[in-house]
Amino acid sequence: MAPKDDSAPEIESGGSSQGRMTQGTPISGRAISVTVSLFLIIGVLASLRIPYHRSVEGTHFPKALSQAKTIYLGLKMYAGDHDGRFPDGVRDANEAYSKLLELGYLPNKDTFHVHGSAWTPERLPRNDPEKKSLKAGQNHFAYVPKLSDTANPAFPLVVDGFVERRPGVYTADRKAKGGWGGGKFAVVVRVDGSGKVERLSEYESEPGTFGVFEKVDFNSRNASRQDLFAPAPNWLAPDQRPLNPRSRD
């Protein structure tokens, strides 16, 4: 499906350029565990350094981007201890991210809860008996499976949850799953750790639904913009479609 809107300004936060084709460097998870703790503590302060687009100034996007990048750090540590592979063999994003809690790469569930998201409609319980397992309603973020830290650095990895049963698609209905960004913006963190609040474009063939479109073939000057999450030659494989958060236990 083609995008209706050709313009796509972005809000950036750290990391390298999405077009750079260098490989990631495997690292030891335990070696940078302190980084995650610091990231959690200074998340709000870090978010203040994110350049604002005037249409999203004062919203929760910078905080959610900071949370997604913290999840990325947990995934990077996991990969460092698992031959460069991110969590695999999972049915949904909750199962993948629960591995980060189970193995101690992230300390608690707070990082996965986003205020105002239909994927996380209620506050986390104070006395949660299952602190190492993300249940339905406790995770906002989708996950792209079957990737490693040496995969194409521009591949998406941690992203805002989509419309239920429609990975890659967002809606303008803020009360619905996949509508947290109002059909305007979505948080995307890549394999190389770069993170952006991407502007969404409406699908011409299906008004009212939105996706992230960009040129994914960086070796071709004539490449057209395409769906970031759709399988394509030299891009994501069919079995690398994003996994949504869990809808029900």
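The values are calculated or read from the model by the stated rules, or taken from the named source; none is laboratory data. Owing to the predicted nature of the structure, the values given are computational and were not obtained by experimental measurement. Note that we place each Cβ from the backbone using ideal geometry, even for glycine, and neighbour counts take in every protein chain shown.
Are any of the residues in region 144-155 charged (D, E, K, R) and under 16 Å from residue 68 (Cβ atoms)? No, because not a single residue in region 144-155 is charged (D, E, K, R) and under 16 Å from residue 68 (Cβ atoms). Checked against the criterion of being of a type in the set (Val, Ile, Thr), touching a Lys or Arg at 6+ places or on another chain (Cβ under 9 Å), crowded, with 17+ Cβ neighbours inside 10 Å and in a loop (DSSP other than H, G, I, E, B), the candidates 158, 114 yield just one match: 114.
Test residue 92 against the criterion of being in contact with a helix residue (DSSP H, G or I) (Cβ under 8 Å, 6 or more places away or on another chain) and either within 26 Å of residue 175 (Cβ to Cβ) or of a type in the set (Asp, Glu) (or both), and give yes or no.
no
Here is a check on your reading of the model: is residue 177 in a loop (DSSP other than H, G, I, E, B), touching a residue at least 60 places away in the same chain (Cβ under 8 Å) and more than 30 Å from residue 80 (Cβ to Cβ)?
Spelling it out, residue 177 is indeed in a loop (DSSP other than H, G, I, E, B), touching a residue at least 60 places away in the same chain (Cβ under 8 Å) and more than 30 Å from residue 80 (Cβ to Cβ).
Given the structure, is residue 235 touching a Ser or Thr at 6+ places or on another chain (Cβ under 9 Å), of a type in the set (A, V, I, L, M, F, W, C) and part of a loop (DSSP other than H, G, I, E, B)? In short, no. Among residues of region 219-230 that are assigned to a loop (DSSP other than H, G, I, E, B), those with a beta-carbon under 6 Å from a residue that is modelled with pLDDT under 90 at least six positions away or on a different chain give the pairs 223/215; 223/217; 225/214; 225/215; 228/214.
Conditions tested, residue by residue: (1) buried (at least 22 other Cβ atoms within 10 Å of the Cβ); (2) within 20 Å of residue 94 (Cβ to Cβ).
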site: 140; (1), (2): yes, yes
site: 193; (1), (2): no, no
site: 202; (1), (2): no, no
site: 211; (1), (2): yes, no
site: 237; (1), (2): no, no
